[in-house]
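Accompanying notes for the structure given below.
The values are calculated or read from the model by the stated rules, or taken from the named source; none is laboratory data. As the structure is a prediction and not an experimental result, all values here were calculated from the model. Because the Cβ atoms are built from the backbone with ideal geometry, glycine has one as well, and the counts that use them run over all protein chains shown.
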Amino acid sequence: MLDLASSDMRQTDGNSPHVCLLNPEIMILVWNMPTRLWAVPKLESANGEAVSPQATLRLPLGSGGTRLLRLISRPKDAPLSLLAEAGTLGRKEEISIDPDGDYDMIDASMLMDDVTPAGRLALLSAMFGAWGSMFRARRSRSYAQLLNRLVARIVDEPQRAKAVARLSDQQILIAAGMPVAFGEIEAVFIVSAFGYRRLPMEPHGGREAPQGQKQTWFITERDGTENGAYLVVTGNRSLAIRHLAATPVLPSLSRWWQARGQSDADLREYIIAALARTDTKSRKAALEFQLRCPLSAQRVSGGGGLPSGEIDLAVTTARGTLIGGWYRDPVEMIAGIDILDSNGTAHAFEGGFYRYPGTVVEEDRTSSATGFVGFSTEICSQVPVLQPRSIMRLTSGNRHLMIPTAQPADPAEARARILRAVPPQHLNDDIIEHCLAPILGDLQKKLLHMTGKPQVIEIGTPHRDPAVSIVVPLYRVLDFLRAQVGAFACDPQIVQSSEIIYVLDSPEQAETVEHLLRGLNLLYGLPIRLVIMARNGGYARACNAGAGIARADLLAMINSDVIPHQTGWLAKMVERMGGPDDVAAVGPKLLFEDGSLQHAGMYFARNARGQWLNHHYFKGMPEQFADANIERSVPGITGACMLLHRGVFEEVGGFTEDYVIGDYEDSDLCLKIRAADFDIKYVPDATLYHFERKSISTHSDYMRGVATQYNAWLHATRWREVMEDIAANGLPQNRNIPDVRGDAA
């Protein structure tokens, strides 16, 4: 209820304050003043104590006055008596509020009538902002209904917005015309009788349309728009309201795009970026959209002295975008290559751009050209952008668009393309570190995440309590499988006390390998466990998967192209294994097919370019070379054949999995073992043949030495100081090597 002021209080013309409810917990005092109100209004209790309103807002009226709005908490127990004073006019009113009083909800007309456009913007900004946060007003149905009625009153016949496409299960795309003169959009809200929300994704401004309008695109969740809603767009000094009709059955994004013959690449990338920021289903939708609706590839055609060029590599991850290609610039007209974002804004590559000499075939003619790769952190996405656009910028100021053909969506294929991007003779640590490594690292993580859970098949009756678990990764090449299993079956140590685990990293061969191993089991009676990876994850992941199901305390990691030529080799290695505080890993002598030495322990040294590489002692020397027949501690041993304490293997985290394909994981593991203060020994009495790289050479990604150069760089970034120490001072004697088992940058 409202009691008027006593007779001794001064009165002025104008309406007395109205007291209503904003929601059940908040009361709003509405007080129309005949003039502009500049001073801060006062509000105090009848006994003189100050009352802090929850909010105060002054709205200018078209008639020249001011509408004063004050929000206070509804009293819960006793009545509240207030004295209100506004401005220099000295106008005072006494207001009594009964906690049990029957107050009406505020009417939209009481708030909005005669309010200027600037006042309307201020009111909506307050209601969308601070007011909505008070006392959980955002969850109040009555508050949402009031906001909906206010929006409906601002414009008698608002322009239309239209939902045009279904982006995913939850998101839709809305198109609306906006005045070109509107200025920068600060916030966008969806308002209905059921609630309101702010759109988290900034709108995308399209091309100008007739009548000074610009087509603008908005992305929102579908919930709350089914029965019509309002789109409220606010700017610094502008307000636009568009009425969204009830959303019918919408076409899929791809169908809508194809039906309209869309060619707006900026809008396409805006939609992809929006979908990439949400859930897994939306990310898949972004990928499908790109595959179904590719852009037309575009290159720069030269001739007559004009420059030409093409982008033939483009990979986008959450770290950034890598592009590669070539250009010809006969008369030096090219100022640079830039990359475009979803707004069509060009970004220079800054320091992450590298050129190298090469050749290109144009019209059946080979010409000299400049190859390039560039990495930019400006364009990044959780979903691969299969056709990021670039600009060839000329010294004349002209710009020429370059769009690659749709790039591979599968991270393994994308990784293979990157490994072909730069010829190995032009690759260096700068290019690897600042250009290739961020993308390769991201792709490797994706591949590992996609490998899934392996399948385990028991062939024969396994040993109950094996002393050694032999883990053999298989990838495509099966040429040595019969010989290897036959050699295992001839060795009493293996037959009596070892389990054999084959890990198939090429699951497309699962049926063939299982059939072959079952036949060998029938022939030799040797039990075998077959682990089938869900998809190729690389040497380290395969070895770790095998170790994960192993049951013995000792792990023998053996390549599929390592063949024992005598029995007892494993027993000799087991004898050299110390306790858990002594020797944690031992390696045998490995021979090439011609009987020369392939491995007698591993050490680290720089090459002529200053790169740290792995080397094998006495490689190429005769088998009986004296120094190769001395048992000794060594910096490392090859992963082609090594025996390890399982506890130490697990303690140091097994094989590090971010090396590409299969290189340097073994030396990385050895350095982790030494960092944990364990010893590693070379045992020449155990001898096997190693038909080196027979399997890795079939890997499509292992191209021209680029993978091994990347792995060498990654290995050196982690272990350079330790390798330098070992090279200068020999193996540590009871010295603690710092634990540097961190991920690559």
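Residues in the stretch 280-317 that are free of Cβ contacts under 8 Å to residues at least 60 places away in the same chain and part of a loop (DSSP other than H, G, I, E, B) were compared, and the one that is farthest from the chain's Cα centre (by Cα) is GLY304. Evaluated against (1) assigned to a strand (DSSP E or B); (2) at pLDDT 85 or above; (3) more than 25 Å from ARG139 (Cα to Cα), SER63 falls short on exactly one condition, (1).
Using the structure shown, decide if GLY452 is surrounded by fewer than 16 Cβ atoms within 10 Å (Cβ to Cβ), out of contact with any Asp or Glu (no Cβ under 8 Å at 6 or more places or on another chain) and on the phi > 0 side of the Ramachandran plot. Taking the combined requirement at face value, the residue satisfies it. Kindly indicate the residue of the stretch 331-345 that is not in a strand (DSSP E or B) and not polar (S, T, N, Q) and also surrounded by the most Cβ atoms within 10 Å (Cβ to Cβ) among those meeting that condition. By that ranking, first place goes to ASP341.
Let's see how each residue does on (1) at pLDDT below 95; (2) not in a strand (DSSP E or B):
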| position | (1), (2) |
| --- | --- |
| TYR603 | no, no |
| HIS615 | no, no |
| THR638 | no, yes |
| ASP658 | yes, yes |
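Looking across the stretch 66-90, the residues that are modelled with pLDDT of 75 or more and of a type in the set (Ser, Thr, Tyr) come down to THR66, SER73, SER81. In this structure, is ALA122 out of contact with any helix residue (DSSP H, G or I) (no Cβ under 7 Å at 6 or more places or on another chain), within 19 Å of LEU21 (Cα to Cα) and either buried (at least 20 other Cβ atoms within 10 Å of the Cβ) or in contact (Cβ under 8 Å) with a residue 60 or more places away in the chain (or both)? Here the answer is no, as ALA122 does not meet what is asked. Of the residues making up the stretch 314-330, not a single one is among the hydrophobic types (A, V, I, L, M, F, W, C), surrounded by fewer than 18 Cβ atoms within 10 Å (Cβ to Cβ), in contact with a Pro (Cβ under 7 Å, 6 or more places away or on another chain) and at pLDDT 95 or above.
Matching residues to (1) of a type outside the set (A, V, I, L, M); (2) within 22 Å of THR405 (Cα to Cα):
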site: TYR230; (1), (2): yes, no
site: ASN236; (1), (2): yes, no
site: VAL249; (1), (2): no, no
site: LEU267; (1), (2): no, yes
site: ILE272; (1), (2): no, yes
site: ALA286; (1), (2): no, yes
site: GLN290; (1), (2): yes, yes
site: GLY304; (1), (2): yes, no
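VAL471: within 13 Å of LEU530 (Cβ to Cβ), touching a Gly at 6+ places or on another chain (Cβ under 9 Å) and not in a loop (DSSP other than H, G, I, E, B), yes or no? Taking the combined requirement at face value, the residue satisfies it. Residue count for the stretch 648-662, restricted to those that are under 14 Å from ARG541 (Cβ atoms) and in contact with a helix residue (DSSP H, G or I) (Cβ under 6 Å, 6 or more places away or on another chain): 9.
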